[in-house]
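First comes the structure, then the notes that go with it.
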Amino acid sequence: MSLTVSTAGSLHVVARRLGITATPSQSLRSAAFVPSFLGRRFFAFPSQFASQGGSCTIVVSASSSERNERDSVSTSATAKMGQTKCETPYGAWKSPLTAEFVSGSSKRLGGAAVDSDGRLVWLEGRPSEAGRGVLMWEGAQSGSFPEEITPPGFNVRTLVHEYGGGAFAVKRDNVVFSNYADQRLYKQSIRGDRTPLPLTPAYENKAVRYADGIFDGRFNRLIVVREDYRQEGVEPVNDIAAVSLNGEANLEPVSLVKGKDFYMFPRLSPDGQMLAWMEWSHPNMPWDRTSIWVGKVSDDGSITNPVCVAGGDEGVVESASEPQWSPKDSICKVKFLLVGDQSVGGKVQSLCPMEAEFTRPAWIFGISSFGFFGDSGDQIVCAYRQRGVSHLATFDLSSGSLSPVKTRFTDIYNLFVHGNEVYFSAGSSTDTLSIVKVCLAEGKAGAGEDTVLWSSLGIDLEPYKPYFSTPRVVEFATKVEGETAFANFYPPANGYFVAPSRERPPLLVRSHGGPTLEASTTLDPAIQYWTSRGWAFADVNYGGSTGYGRAYRERLNGQWGIVDVNDCCSCAEHLAKIGEVDPKRLCIDGRSAGGYTTMATLVFKDTFSAGASLYGVSDLKCLISDTHKFESRYLDNLLGPEDVLEKNTYDRSPIHFLEKLSCPMILFQGLEDKIVPPNQARMIYEAARMKGVPIALVEYEGEQHGFRKAENIRHSLEQEMTFFARVIGGFEVADDIVPIKIDNFDD
């Protein structure tokens, strides 16, 4: 045996298994044979050392009184550590990154703001509380614990567009939020008595919803986007409305702007005299074609003399977004994709022409990609993306210069400014989703230091680093000659296991949702769950993904079910060809639109051995007829043009061609899903079962589009892995998981 000092400073014993059996457990392994060595106590990460044959690593930690002895240990022995890893088949490795760890500790982030003292207020969604949204308040002193603002019984979440976002607004010491249970708006004090007071009338069945609110001090009101379902048998009506803050809970909000199908970003000028907003109508989505309008706020509070300032030319396709007022009251706006979008009649000047995306697709309310800082009104801090990577920069309006701000984060969004400090949501390959603050000195761009204020995990990640896989971007040829696509590839990684030398790992390809979204490189414990057990993982940014420019995104126009499917297959085939993965053990999964791509890939192609769809689409016609207003015309662009829309809708629906399905599949579905109704999963399950294909369906009570309950996140993750292990063969999962029944397989 040999000794080495780990990076954490703990003493390690490296020994070859010589007939010693260690019994697996959920916590620490028995180590009666260890204490005789230097009298050390035995420590291990949970479930770290499975007795699975081959050589293995045993960890012994010195007590605090013995730490000085570590200085005499030869650090040259570190290299021997890799030679004594447990030799175990890919997929069968043990890892402390359990499904319970993934589901219970990872919180969602629903936006952030600051109060009058500059203290951060943020919205976190808690899987441990069935996804409940809770407003948190930064501690008064550095290092002090944050306070929970939202009282028990309240859940901060809005259902406008079903996807929500923009569920709360902060002004000085007050917050107004949407409560999930009734969708009413409530006003609450951050300090003192925090009893929420209702601002809007109560309607049955969550019939009226609100989002994206801004305070209007001139009239003591909140200007919001409203979605009204009170008229049965027709689409809900969207408008911009005013909600009184005078405490009259049964007062009907007053409509300010109406007539279009959708509205976002109502934004008041600093003096309260003007209102800007974004609007669009069917069949467009907010990244296809939108317009920015400005109206005068009259003395009675109504909006008059509206003028279109961007996006009003019917002969030009552009998607203007995120109107914002400068401190000098001149409106500034960015386009969804600056490259390829057009200015309109000289009204709009492109401030920084470059091949980059300066905003994100507006799936939810409350997104923000830039803001003004300093007192001059000439300084902007912004986030932009190039080839799927985020960058932070400042822009000087007077000189037209763009200056990078150094940061380790590669995924940056939802940026806002308070004084000379910029806050944003961020992540990287070594950072989970976080709230970050950077101090900017005006005229000294890039000199600031970043501080992480909140993390979705909220724990020290250092002990888990041996189990983290670092992604690398893989560029691969597509089925279209001369075109390439991209994926974030994660090789298997576990500091305590190694596979037999000639073995190649199984691969899980992830098809992201949207489909107008992208795969990011933010550290995701759910991905590391797979890689730390010996799986390779490819998160594909197929043609149609954001982050790579308008032309790349528009590859999917009229080609959904073709380009995305081909690119996922091409990625897997490329990784197999270069020897990264086992070509006989290729699996694919996806959520929502990614679930559709998964099912289409399994039905129309033969690249993969098995697949998993989580709340995915199987019948595109039913999606068109059953889905909510926001996406009801989404497929016009994805499957069109109009003369072939009906044919493409049928021809690309997996449900109609299940005779081509020959590999196993598992389906996961929430029973309260309004975006992809549960009957979609049931139809494909029944059809596959009757055909004799190995199939399993798991339905979750109380879940909607995207699982929010920790127990269901855990269960779906464990069952997906166990399903794949059983149907593709070659290994058994090391975790103690009771598998569900697979029809036409267990029979």
Item to complete: Can you figure out the FRET efficiency of Arg682 with Ser403, using R₀ = 51 Å and their beta-carbon distance, to the nearest 0.05?
Response: 0.40
Discussion item. I need the GluC sites (Glu not before Pro) found in the stretch 585-691, filtered to DSSP loop residues with at most 15 other beta carbons within 10 Å of theirs.
Written reply: Glu672
Discussion item. With viscosity set to 0.890 mPa s at 25 °C, what whole-number translational diffusion coefficient in µm²/s follows for the stretch 133-181 from Stokes-Einstein and a Kirkwood radius over Cα pairs?
Written reply: 204 µm²/s
Worksheet item: Could you give the distance between the Cα centres of the stretch 408-477 and the stretch 355-375, to the whole Å?
Response: 16 Å
Worksheet item: One-quarter of the Cα convex hull surface for the chain, in nm²?
Response: 34.6 nm²
Fill in: Radius ratio Rg over Rh of the stretch 621-703, counting only Cα atoms, Kirkwood formula for Rh
1.01
Item to complete: Compute the accessible area per residue over the stretch 125-171, keeping the other protein chains in place, probe 1.4 Å, unit Å².
Response: 41 Å²
Response to the item:
Between Asp375 and Val452, the two model label points (7 Å from Cα along the beta-carbon direction) sit apart by a distance in nm of 3.6 nm
Response to the item:
Sorted list, accessible surface of protein heavy atoms, 1.4 Å probe, largest first, for Tyr203, Tyr263 is Tyr203, Tyr263
Practice prompt. Averaging sequence separations of C-alpha pairs under 8 Å and six or more residues apart, then dividing by the length of the chain, give the relative contact order as a whole percent.
Written response: 9 percent
Item to complete: Report, in debye and to the nearest 20, how large the dipole of the chain comes out about its Cα centre when Lys and Arg carry +1 and Asp and Glu carry -1 on their Cβ.
Response: 1880 debye
Discussion item. Can you classify the stretch 435-570 as rounded, prolate or oblate using the Cα gyration tensor, where a ≥ b ≥ c are the square roots of its eigenvalues, rounded means a/c under 1.5, and otherwise it's prolate if a/b beats b/c and oblate if not?
Written reply: oblate
Discussion item. I'd like the distance between the alpha-carbon centres of the stretch 643-663 and the stretch 522-561, rounded to an integer number of Å.
Written reply: 23 Å
Worksheet entry | Surface per residue (accessible, 1.4 Å probe) for the stretch 193-313, Å² | 42 Å²
Item to complete: Starting from the Kirkwood radius over alpha-carbon pairs of the stretch 374-429, derive D by Stokes-Einstein at 25 °C in a medium of 0.890 mPa s and give it in µm² s⁻¹.
Response: 206 µm²/s
Worksheet item: Ignoring ligands, DNA and RNA, what percent of the accessible area of the chain is carbon or sulfur (1.4 Å)?
Response: 50 percent
Discussion item. Probe of 1.4 angstrom, ligands and nucleic acids ignored: what's the accessible area per residue over the stretch 625-731, in square angstrom?
Written reply: 40 Å²
Fill in: 0 to 90° range, to nearest 10: angle between helix 563-577 axis and the chain longest Cα axis
20 degrees
Worksheet, complete the sentence: Taking 0.36 nm per residue of separation between Ser255 and Ser302 and subtracting their Cα-Cα distance, the length gained on full extension comes to 16.1 nm
Fill in: Length released on extending from Val738 to Lys577, taking residue separation times 0.36 nm less the Cα-Cα span
54.5 nm
Worksheet item: To the nearest 10 degrees, how steeply does helix 710-728 sit against the main Cα axis of the chain, on a 0 to 90 scale?
Response: 50 degrees
Fill in: Folded to 0 to 90 degrees: helix 642-651 orientation relative to the chain principal axis, Cα
30 degrees
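The values are calculated or read from the model by the stated rules, or taken from the named source; none is laboratory data. These numbers come from a predicted model, not from an experiment. Heads up, the Cβs are rebuilt from the backbone with ideal geometry, glycines too, and the neighbour counts pull from every protein chain shown. Note: accessible area is taken over every heavy atom of the protein model, side chains too, but ligands, DNA and RNA are not part of it. Shrake-Rupley method; radii C 1.70, N 1.55, O 1.52, S 1.80 Å.
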